[in-house]
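The structure under discussion appears below in the form of structure tokens.
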Amino acid sequence: MIAVAIDGPAGAGKSTIARKAASELGYIYVDTGAIYRAVGLACTQKKIDPSDSEKVVEMLPETEISIVFFNGEQHVLLDDKDVSSEIRTEKASMTASKVSAIPEVRKFLLDLQRNFAKNDNVVMDGRDIGTVVLPNAQVKIFLTASPETRAKRRVLQLKEKGETADYNTVLADIIQRDYDDSHREIAPLKAADSAVMVDTSELTLEQSIAKIISIIKEHIE
Ligand code: DC
């Protein structure tokens, strides 16, 4: 089996690029951020403070999270309900960041992620795929872009969805989330030693996709 690990901060374009690369190669694409978002959503639904690790850990045994594919598209189920759209809000993203710092949450989600790479060729994106989840991945890519570029892209995305977005607030959120994700004690956001670094700040989406596909092909052919 071939595994491609794509890690990097929020807003570097990981999910769009990884999805396209997977489809081009005929691999399945797994977006691991979605399951952290589902744990965050479970906290919101159960009125649990996502920073209260004791309460979050207590909730885990009664929380069922799974990933299913409909027509090749990933859907996330929380207690058998499809929450794929509900987890795509700024609030869900901040809540996910908080629960992702809890070691038991990371452990709870580990096998779910690893199992995908057992039977299929995968492109998996996240923060710790190359370092923790799939340390033996044949290809590891660390995708990044400047906080300003990522904030601009995020504002555009939100506007396209008809949501109002203030650039400075989005930028501050991105900087805060980068800090939280890279300073947590367990599985912090960092490039694996053998990762190929790709900065997409000056690249269009098409150029980024082409670059990632060519890196993957170089490693597997
Ligand atoms: O990729 P995303 O923005 O959907 O991820 C949401 C949060 O989940 C993010 O703040 C970091 C966390 N996350 C993580 O800790 N490990 C992963 N493999 C994926 C996401």
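Given 20 °C and 1.002 mPa s, compute D for the chain with the Stokes-Einstein relation, Rh being the Kirkwood radius over Cα pairs; round to the nearest whole µm²/s. Provide the component values of the computation, followed by the final result.
Values: Rh = 17.7 Å.
It comes out at roughly 121 µm²/s.
For a straight C-alpha distance cut-off of 18 angstrom, the lysines reachable from residue 161 (same-chain residues fewer than eight places away being disregarded) are 91, 152. If every alpha-carbon in region 56-101 counts as one equal scatterer, what log10 I(q)/I(0) does Debye give at q = 0.24, 0.31 1/Å? For the requested q values the scattering log ratios are -1.02, -1.15. Calculated mean residue ellipticity at 222 nm for the chain: -15500 deg cm²/dmol, from DSSP H runs with n ≥ 4 weighted as -39500 (n - 2.57), summed, divided by the residue count and rounded to 500. Semi-axis lengths, largest first, of the ellipsoid equivalent to region 1-120 are 25, 15, 14 Å, with √(5λ) applied to each eigenvalue of the Cα gyration tensor. Length available on full extension from residue 185 to residue 159: 0.36 nm per residue minus the Cα-Cα distance, which gives 5.9 nm.
Residues of region 1-39 falling in the label zone of residue 136, defined by backbone nitrogen less than 12 Å from a point 7 Å along Cα to beta-carbon, are 1-3.
Per residue, how much accessible surface does the chain expose to a 1.4 Å probe? Answer in Å², no decimals. Let's see the in-between values first.
On the way: 11170 Å² over 221 residues.
About 51 Å² of surface per residue is accessible.
For region 49-168, the pair-distance distribution built from all alpha carbon pairs, in bins 5 Å wide starting at 0, is 2, 8, 14, 19, 20, 18, 14, 5, 0 percent. Solvent-accessible surface (1.4 Å probe) assigned to residue 1 amounts to roughly 130 Å². Size of region 25-95: Rg and Dmax of its alpha carbons, in Å, are 12.8, 42. Of the three principal axes defined by the Cα atoms of region 110-178, the extents in descending order read 42, 22, 18 Å.
Using the structure shown, select from 98/190; 55/118; 118/211 the pairs with a Cα to Cα distance greater than 22 angstrom. List each step's numbers first, then the result.
Values: 98/190 17 Å; 55/118 32 Å; 118/211 26 Å.
Over 22 Å apart, Cα to Cα: 55/118; 118/211.
For region 125-221, the Kirkwood estimate of hydrodynamic radius, built from reciprocal distances between every pair of different alpha carbons, is 15.0 Å. A Förster distance of 30 Å, applied to the separation of the beta-carbon atoms of residue 219 and residue 66, puts the FRET efficiency at 0.50.
Here the accessible area of the chain is 51 percent carbon and sulfur, with a 1.4 angstrom probe and all protein chains present.
The values are calculated or read from the model by the stated rules, or taken from the named source; none is laboratory data. Quick caveat: nothing in here was measured; it's all calculated off a predicted structure. Backbone-built Cβ (ideal geometry, glycine too); neighbour counts: all protein chains shown. With ligands, DNA and RNA removed, areas are computed over all heavy atoms of the protein, side chains included. Shrake-Rupley method; radii C 1.70, N 1.55, O 1.52, S 1.80 Å.
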